[in-house]
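The values are calculated or read from the model by the stated rules, or taken from the named source; none is laboratory data. Worth saying up front: this structure is predicted, and the values here are computed from it rather than measured. Reconstructed Cβ throughout: ideal geometry from the backbone, glycine too, with neighbour counts over all protein chains shown. What goes into the accessible areas is simple: the full protein's heavy atoms, side chains included, and nothing from ligands, DNA or RNA. Shrake-Rupley method; radii C 1.70, N 1.55, O 1.52, S 1.80 Å.
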Amino acid sequence: MRTFHRRYWKTTAAMLGVVALLGTSACSGDDEADSDGKITLTVDTFGVFGYDELFEQYMEENPNIIIKENNVTDLHADYVPQLQQNIAAGSGAGDIVAIEEGIVQQFFLSQGDNFVDLAEYGAEELKDNFLPWKWEMGKGPNGEILGLGTDIGGMSMCYNKTLFEDAGLPTDREEVSASWETWDDFIEVGKKFQEAQTGASFISTTVPYFSAVNAQGGTHTFFDEDNNLVAETNPVILESWDLMVRMVEEGLTANLPMWSDEWNAGIQNNVFATLPCPAWMLGHIENTAGESGRDQWDVASVPGNGGNWGGSWLAVTTQSKHPEEAAKLAMFLTSPEGQISAWNAANTLPSSPKALDDPAVTEFTRDYFNEAPVGKIYAETAKELKPVYYGIHHAQVSEEFRKALEAMEQGQLSPEEAWQQAIDGAKRASGQ
């Protein structure tokens, strides 16, 4: 997930030897068996995967294994550049690394020789543990099994019930869902919200909406499946951009850069009323808004055709000196039971059909969000999700569009100038 950013819950110090090494690089290249025969495995992650209890369980069941988690918050600003650097250097990457949806082609298709073929350790028998498209996207160019699926994003729309009430809008989640079946409807609701002059804005920034709309649009976004840059001509991108321009022109945005301190403060202080919510976003809202935000936010359906935003795979790097042990740990974490545990801990939506059918998922309601039946909301559509091809340079091009959208929102560029900046930046970033 997340598809640019994914899972941004603030992390706590890990338990029982699971160490969160924030902002530092992993050291798998130096991992050797300790003098007492124990093996240390480093797991590189971003945001929150809900693995603390699983790590604890695995170490209890395998006393010869010590797990260290190297975790950072920001996927694109910190995690991806560090992973690229470590892969290029041939050292510094974890034994296990998380690969997010938006960078999966970048690493598995063009740099697949840096990852262990998990078929060597029996992973080919695990195919039925994953949604078919999730399984296929974890493969390398020659069919190697390079990654095992963790979660998927799914999609809903979170809305601030308190602000909707202040604006005189419906607050019941079914009524809210019915009010914005399309994105055109969504903009009309936004105009009504702004006219009520609550002091808040309808959206925080166009960036997450751009990602959400793109994820609904078809088989690919910035690149076609031959990795040709098609951002300038793809109807999905053109229509998404036009929607964002309309949101800006209608004055719906609070102009808060996503993931910034100001953006998080906006969640805490009810500065904006809606936010696209893949399953992992729920935790970020709850963690950020805290107890003062309890029962203020709720969950409705997203306009348009559902879609998926986010999700990851676990891969074992060839830098690992313990590939067999790392592969076993990756299989444990991504098993149906492991995915249910992660769901219970962090509401990361499983990519396992068995886990998706489990009552722990389907019957789950989230107290913080007015008892929203989030398990039902996400699980019902999860099996119908279709993969989107993002391309080898998706992360870099997505960043160029983010910068252009924010410049347009802040009045630094006209819509036409912002579009040209995005296209020019995309060409530079992709080398096309």
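Tabulated data for the structure shown
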item: Per-selection Kirkwood Rh - segment 243-286 (Cα, Å, 1 d.p.); result: 11.5 Å
item: Solvent-accessible area, 1.4 Å probe, carbon plus sulfur percent, for the chain; result: 46 percent
item: Magnitude of the charge dipole, the chain, Cβ model with Lys/Arg +1 and Asp/Glu -1, debye to 20; result: 340 debye
item: The chain: C-alpha pair distances exceeding 33 Å, %; result: 31 percent
item: Kirkwood-based shape ratio for segment 257-399, expressed as Rg/Rh from alpha carbons; result: 1.00
item: Among 275, 247, 62 - extreme Cα towards positive end, dipole of the chain, charges at beta-carbon; result: 247
item: Antiparallel %, DSSP beta bridges [both residues in the chain], to 5; result: 60 percent
item: Dimensionless Rg ratio for segment 317-432, taking C-alpha atoms and the 2.2 N^0.38 Å reference; result: 1.54
item: Distance histogram for segment 129-261 (every C-alpha pair counted, 10 angstrom bins, percent rounded to whole numbers); result: 10, 31, 31, 19, 8, 1
